Amino acid sequence: MSTSETAEQPRGALPVIHLSELLRAPVLARSGEAVGRVEDVIVRLRDTDDYPPVTGIVAGVGGRRVFVGTKSIDEFGPERIVLTKNKVDLRGFERRDGEVLLRADVLGHRLIDVAAVDLVRAYDVELEDTGAGWVLARLDTRRPPRLFGLIKQSGGHAARDWKAFEPLIGHARSDAVRRLSDRFGEFKAAEIADLLEEADKAEGGEILDRVHSDPELEADVFEELDPEKASRLLDGMPDDEVAALLGRMRADDAADAIADLRQSRRRRVLDLMPAPQRTKVITLMGFNPESAGGLMNVDFVSCAATATVGAALAVIGAARTVQPEALVKVHILDESGRLAGVVSVITLLQAEPSESVGALMDSDPVCVSADADLTDIALLMADFNLYSIPVVDEQDRVLGVVTVDDVLEETIPEDWRRREPAPRPFREITQSDGHGPLPGGEGP
């Protein structure tokens, strides 16, 4: 397949064509007769980090959509596509696994900007001739200028490397190929939650489907979601999936999610949850959501006053399922299970392993009852510089702990949550980033 002389060659680079220049371009037989027009361009995703190669076009021929492979194309350019033969196979086009239709799947659609963890729209697509074939090289995510209310498509392209994006294509048969280079694991749960809250139904469905393959990440994401968004997503899931998901979440977040379900679903979902998590959730649901009892996490670490520092640190190290914010202090219990004191992890780390925690503990810790309100908790944390506060009953038995992140989540005003965050520093992917060379000179 040769390159048309009209293909753009900016700044001495290899030939480049923009998708907007290709669409509706005439498809000519070898004899020069027009047989149709370009309706789409096809690239194939790979299970490697290579740029997706162009494998053909979808041409409109006599009211049909037919596939024309690159081996059948003699000249590929923005003004025309010239075929190697005078005949066209008129069998209808059928997408194969791993194929991406640049007009249908990418142009005008949103993708994930990996560096910024944000949804951005593709306004054009850059194809580059590597010498061994055309590849999908870059995307133009800058909104084109308008002239007298109309979009002006010519000139001024601001292209960025294709590898800077994670596509949301929605084609199930291509999904397996895209998962092989999945970068969702690199995103923080809160970042994925932000994406879900910004996404439309189709985009959100694909993001959620990708997250669903990692159950622990899925639970973390739902913990970070806006309650209304989480409730809408849970409404679309079957009871057994909801129960499994809530069973992996922190008990306090799971209790909030259960409370937001339709009343007719609550008992069904609770009955399907693992018994230990169900007990915790039912306990938390008995408290006012804005009280210490409603905010607390029922999982915490404790030991006896006679335990050594080494033993206490081992308890912390083994508490893999406990919220990290709840591990900043170890709760010291007496023989009757009552709270005798607390000791911070920093104190333990700075002490000798053989030393007794009873000698290091604060024997008069700040604690609250289950009915303490949010304001009281926040003031105590501010006054005493606390990251967590134990919640105790009338007999001073620990019911759970309220952590500073839970207090912040409840006290931050709603309009603050809706603010756009400060832009993250932009870093374009280059060869030195370890993502492989840019497409110039690289085979497909």
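The values are calculated or read from the model by the stated rules, or taken from the named source; none is laboratory data. Everything quoted here is computed from the prediction, not taken from an experiment. Please note: Cβ atoms are built from the backbone with ideal geometry, for glycine as well, and neighbour counts cover all protein chains shown. Please note that ligands, DNA and RNA were not included when accessible areas were found on the heavy atoms of the full protein model with its side chains. Shrake-Rupley method; radii C 1.70, N 1.55, O 1.52, S 1.80 Å.
Given Lys163/Lys229; Lys280/Lys329; Lys85/Lys163, which pairs have Cα atoms separated by over 28 Å?
Numbers: Lys163/Lys229 30 Å; Lys280/Lys329 21 Å; Lys85/Lys163 35 Å.
Among Lys163/Lys229; Lys280/Lys329; Lys85/Lys163, the Cα-Cα distance tops 28 Å for Lys163/Lys229; Lys85/Lys163.
Enclosing the Cα atoms of the stretch 317-363 in their convex hull gives a volume equal to 96 cubic angstrom per residue.
Full extension of the chain between Arg65 and Asp393 yields a length gain of 110.9 nm, computed as 0.36 nm times the residue separation minus the alpha carbon distance.
The 1.4 Å probe gives accessible areas that order Thr403, Thr70, Thr375, largest first, as Thr375, Thr70, Thr403. Per residue, the stretch 187-286 exposes 47 Å² of solvent-accessible protein surface, assessed with a 1.4 angstrom probe and all protein chains in place. In summary, the stretch 328-414 shows an alpha-carbon radius of gyration equal to 1.17 times the 2.2 N^0.38 Å reference for compact globular proteins. Each residue of the stretch 283-296 is assigned a 3J(HN,Hα), and the resulting list reads 4, 5, 5, x, 10, 4, x, 9, 9, 4, x, x, 8, 6 Hz, derived from the Karplus form 6.51 cos²θ - 1.76 cosθ + 1.60 (θ = phi - 60°), x at Gly and Pro.
Using only Cα atoms, what Kirkwood radius does the stretch 187-286 have, in angstroms?
13.4 Å
Extending 7 Å from the Cα toward the beta-carbon at both Arg338 and Glu198 defines two label points whose distance is 5.3 nm. Amide hydrogen proximity for Gly400: with H placed 1.01 Å from N in the peptide plane, the residues at 5 or more positions away or on another chain lying under 5 Å are Val391. Residues whose amide H falls under 5 Å from that of Ala305, counting only those 5 or more places apart or on a different chain, are Leu333, with hydrogens built in the peptide plane.
Using the Cβ-Cβ distance between Val315 and Asp226 with R0 set to 45 Å, the FRET efficiency works out to roughly 0.85. Based on the Cβ-Cβ distance of Ala304 and Arg46, what FRET efficiency does E = 1/(1 + (r/R0)^6) give at R0 = 60 Å, to the nearest 0.05? After rounding, the FRET efficiency stands at 0.55.
To the nearest 10, the accessible area of Phe384 is 120 Å² with a 1.4 Å probe. Round to a whole angstrom and tell me the spacing of the C-alpha centers of the stretch 297-374 and the stretch 226-260. Cα centroid of the stretch 297-374 versus Cα centroid of the stretch 226-260: 30 Å apart. Val38 exposes around 0 Å² of accessible area when a 1.4 Å probe is run over every protein chain in place.
Counting only protein chain heavy atoms and rolling a 1.4 Å probe, the accessible areas of Tyr51, Tyr123 rank, largest first, as Tyr123, Tyr51. Each residue of the stretch 30-36 was assigned a 3J(HN,Hα) from its phi angle through the Karplus curve 6.51 cos²θ - 1.76 cosθ + 1.60 (θ = phi - 60°); the sequence is 4, 6, x, 6, 6, 10, x Hz, with glycine and proline shown as x. Amide H to amide H, with H built 1.01 Å from N, Gly56 comes under 5 Å of Ile42, Thr70, counting only residues 5 or more places away or on other chains.
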